Amino acid sequence: WAERRDLSRSEGHRAGTLRVRPIAEACIDSGVRHLTVYALSTENWSRPRDEIEVLLSLLGERLQAERKAIFEHRIRIKVLGSMDPLPPALRLTIRGMERATANFDRLTLNIAFNYGGRSEIIRATKAILQERIDPEDITEDLFERYLYTTDVPDPDLVIRTAGEMRLSNFLLWQSAYAEF
């Protein structure tokens with residue numbers, strides 16, 4: 001998108017964040033209860049440092065800028081992904097917004113940030129092993145309780161922008177039966 005307009009990738013990321021609000025409002029108007037957007041993948045850390053810094057700052061900026069609308073529309077915010085490598089101030093902003101919106105029920109906006117489907121599956125597997133759960137007791141239902149999306153239904157539809165026809169490590173387990 002940005003390249004076609006002779007803009008930087010960072011400007012493209014910024015423009016993309018501005019589309020989330022109208023999409024979330026359209027979901028609410030249409031009765032869609034869960035929306036997941038892919039904001040930063042685990043693979044994105046190999047991008048140029050200035051682009052990473054923009055991506056890291058965008059989430060906190062948008063959460064603050066959209067706070068009033070989030071509360072007015074009763075949108076629950078849930079961030080999927082590892083918070084470990086994120087700057088402490090961003091982690092506090094994310095966790096604060098998650099806590100403040102935990103009981104909102106019109107739309108759950110899942111933001112996949114520092115998220116990768118493969119790393120999520122490995123993380124869940126390690127957690128199960130650490131709890132020393134008997135392998136005979138491991139079921140799909142049990143495994144799903146260890147995923148970031150434990151209280152979110154699997155997606156019915158995956159929409160890729162820019163004509164892409166691949167999952168890009170997005171909700172690998174959860175998208176098993178989703179339409180594209």
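Which condition number in (1) part of a strand (DSSP E or B); (2) surrounded by fewer than 16 Cβ atoms within 10 Å (Cβ to Cβ) is the one that VAL79 fails?
It is condition (2) that VAL79 fails.
Please name all residue pairs, on different chains or six or more residues apart, with Cβ atoms under 8 Å, provided the first residue is in region 78-103 and is modelled with pLDDT under 95 and of a type outside the set (A, V, I, L, M, F, W, C) and the second residue is open to solvent by less than 40 Å² (accessible area, probe 1.4 Å) and in a strand (DSSP E or B).
That search, which allows pairs on different chains as well, returns PRO85/ASN114.
Within region 120-149, work out how many residues are open to solvent by 60 Å² or more (accessible area, probe 1.4 Å) and not in a helix (DSSP H, G or I).
Total satisfying the criteria: 6.
Can you spot a residue in region 109-119 that is touching a Pro at 6+ places or on another chain (Cβ under 9 Å) and open to solvent by less than 30 Å² (accessible area, probe 1.4 Å)? It would help to see each step written out before you state the result.
Keep residues of region 109-119 that are touching a Pro at 6+ places or on another chain (Cβ under 9 Å), which gives 114.
So of that shortlist, the ones also open to solvent by less than 30 Å² (accessible area, probe 1.4 Å) come out as 114.
Yes: region 109-119 contains one or more residues that are touching a Pro at 6+ places or on another chain (Cβ under 9 Å) and open to solvent by less than 30 Å² (accessible area, probe 1.4 Å).
Looking at this structure, is GLU140 closer than 22 Å to TRP173 by Cα, charged (D, E, K, R) and in contact (Cβ under 8 Å) with a residue 24 or more places away in the chain?
Considered against the rule, which asks whether it is closer than 22 Å to TRP173 by Cα, charged (D, E, K, R) and in contact (Cβ under 8 Å) with a residue 24 or more places away in the chain, GLU140 comes out as no.
For the structure I just gave you, tell me whether ILE70 is open to solvent by less than 40 Å² (accessible area, probe 1.4 Å), within 19 Å of HIS34 (Cβ to Cβ), modelled with pLDDT of 95 or more and not basic (Lys, Arg).
Numbers: open to solvent by less than 40 Å² (accessible area, probe 1.4 Å): yes; within 19 Å of HIS34 (Cβ to Cβ): yes; modelled with pLDDT of 95 or more: yes; not basic (Lys, Arg): yes.
Against the criterion (open to solvent by less than 40 Å² (accessible area, probe 1.4 Å), within 19 Å of HIS34 (Cβ to Cβ), modelled with pLDDT of 95 or more and not basic (Lys, Arg)), ILE70 qualifies.
Could you list, in sequence order, the residues of region 1-12 that are part of a helix (DSSP H, G or I) and either touching a His at 6+ places or on another chain (Cβ under 7 Å) or under 18 Å from GLY163 (Cβ atoms) (or both)?
Passing the criteria: GLU3, ARG4, ARG5, ARG9, GLY12.
Looking at region 24-51, which of its residues are in a helix (DSSP H, G or I) and surrounded by 14 or more Cβ atoms within 10 Å (Cβ to Cβ)?
ALA24, GLU25, CYS27, ILE28, THR42, ASN44, GLU51
Among the residues of region 98-119, write down those that are in a strand (DSSP E or B) and at negative phi.
Scanning region 98-119 gives LEU107, THR108, LEU109, ASN110, ILE111, ALA112, PHE113, TYR115.
Just checking, how many residues over region 152-180 are surrounded by 11 or more Cβ atoms within 10 Å (Cβ to Cβ) and in contact (Cβ under 8 Å) with a residue 60 or more places away in the chain?
Summing the residues that are surrounded by 11 or more Cβ atoms within 10 Å (Cβ to Cβ) and in contact (Cβ under 8 Å) with a residue 60 or more places away in the chain in region 152-180 gives 6.
Looking at region 150-162, can you tell me whether even one residue there is small (Gly, Ala, Ser), assigned to a loop (DSSP other than H, G, I, E, B) and modelled with pLDDT under 95?
Quick first cut of region 150-162, residues small (Gly, Ala, Ser) only: 162.
Now narrow it down to the ones that are assigned to a loop (DSSP other than H, G, I, E, B): none.
No, the conditions are met nowhere in region 150-162.
The values are calculated or read from the model by the stated rules, or taken from the named source; none is laboratory data. Please read these numbers as outputs of a predicted model, since none were measured by experiment. Heads up, the Cβs are rebuilt from the backbone with ideal geometry, glycines too, and the neighbour counts pull from every protein chain shown. What goes into the accessible areas is simple: the full protein's heavy atoms, side chains included, and nothing from ligands, DNA or RNA. Shrake-Rupley method; radii C 1.70, N 1.55, O 1.52, S 1.80 Å.
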